[in-house]
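Laboratory data are not the source of any read-out in this text; all were calculated from the coordinates shown. Fair warning: this is a prediction, and the values are worked out from it, not measured in the lab. When we count neighbours, we look across all protein chains shown, and the Cβ atoms used for this are built from the backbone with ideal geometry, even at glycine.
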Amino acid sequence: MSLPAAFQPGLSAIGLILAAMTVVALIETVIPLHARGRWNRGHLAANLALTLITFATNALLNAGLLTAVWWLDARGFGLLHVLALPPLVASVIAVVLLDFSFYVAHVAMHRVPAFWRFHCVHHSDPAVDVTTTIRQHPGEGLIRYAFMAAAVFALGPSLGAFAIYRAASALNGLLEHANIRMPLGLDRWLSLVTTWPYLHKIHHSRDALETDSNYGNLFSCFDRLFLTFTPSERGVDVDYGLEGLDDPATQTTAGLLALPFRLAPASDPAGMAQQPS
């Protein structure tokens, strides 16, 4: 795989994600969960700027990871090759275990203070909608890719399975954050297996007990298994954001990029998010 070829899937994915974001944003205007307020208007510029920065930084990381997936698969390296499973079974297991690696990374970003400093940029949004999805500090991208790379080297997934997981993860992320109204009963039933908008909205609550729950990306089973699950009902009316980080200067692109480096030291991540210096 040449270097330009490694970048091509990432560039195509960016186009698809932007198109999907546009479609979801249009749906938000038709059936919003919450009426648009000042924070929805105020966060747009910063969220889109961080989204574009994330696309730029992740392009290089994604190219390197795709190259690693191709190299490992070509050499039969990884647990899935050792087990010699049928391709379909191996692909399903790869998707589930890659999602588990996301769960582990997400929990770590909440519980390790150095990681939380970067991840709190995503959680500090006072209005959650589709533009919140990739509101992410570049430092968080490095953390996410480090965990994903560890999973890739351990499993040795095929390019196809890896591509399916990445595409499903990106599209589900847009849906999870979308400010879209849907039947609570439907969300409750679908959340028995997968993660859905109301379920994930709880994760963006200002209440630390709710913030530290529903870490799952595609599947809700890991939250249920490790007792970090909060039912969908609470997701209908959530107070978004983090205390102490609503200052308009903090909510600018420059303020959010600087945020991890100016938070006051604290003994726990939740306390750190509430005490900017």
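Considering Cα pairs under 8 angstrom that are at least six residues apart, work out the relative contact order of the chain and quote it in whole percent. List each step's numbers first, then the result.
Details: 409 pairs, mean separation 66.7, N = 277.
It rounds to 24 percent for the chain.
Can you list residues from other chains, or at least 5 along the same chain, whose modelled amide H is less than 5 Å from the amide H of residue 263?
277
For the chain, set up a GNM with springs between Cα atoms under 10 Å and report which of 183, 231, 260 has the largest fluctuation.
Comparing 183, 231, 260 in a Gaussian network model of the chain, the most mobile one is 183.
Of the options 184, 205, 171, report the single residue whose Cα projects farthest towards the positive end of the charge dipole of the chain (beta-carbon charges: Lys, Arg +1; Asp, Glu -1).
So the residue we want is 171.
Over all alpha-carbon pairs of the chain, lay out the pair-distance distribution in 10 Å bins, whole %, shortest bin first.
Taking every Cα pair in the chain, the percentages come to 7, 29, 36, 22, 6, 0.
By count of other Cβ within 10 Å, fewest leading, how are 125, 207 ordered? Could the numbers behind the result be given before it?
Details: 125 25, 207 15.
The most exposed by this proxy come first: 207, 125.
Rank-order 77-90, 239-252 by packing density, defined as the average count of other C-beta atoms within 10 Å over each peptide's residues, highest first. Write out the running numbers ahead of the final one.
Values: 77-90: 14.1, 239-252: 15.7.
Highest-to-lowest ranking by the protection proxy: 239-252, 77-90.
Need the full-extension length gain, residue 31 to residue 82, defined as separation in residues times 0.36 nm minus the C-alpha distance. One decimal, nm.
Values: separation 51, 0.36 × 51 = 18.36 nm, distance 4.84 nm.
Taking residue 31 through residue 82 to full extension adds about 13.5 nm, to one decimal.
For residue 52 and residue 23 in the same chain, what is the full-extension length gain: residue separation times 0.36 nm, less their Cα-Cα distance, in nm?
Working: separation 29, 0.36 × 29 = 10.44 nm, distance 1.77 nm.
That pair, residue 52 and residue 23, stretches by 8.7 nm at full extension.
Viscosity 0.692 mPa s, temperature 37 °C: Stokes-Einstein D of the range 81-190 from its Kirkwood Cα radius, in µm² per second? If you can, show how the numbers build up before the last one.
Numbers: Rh = 15.6 Å.
Once the numbers are plugged in, D ends up at 210 µm²/s.
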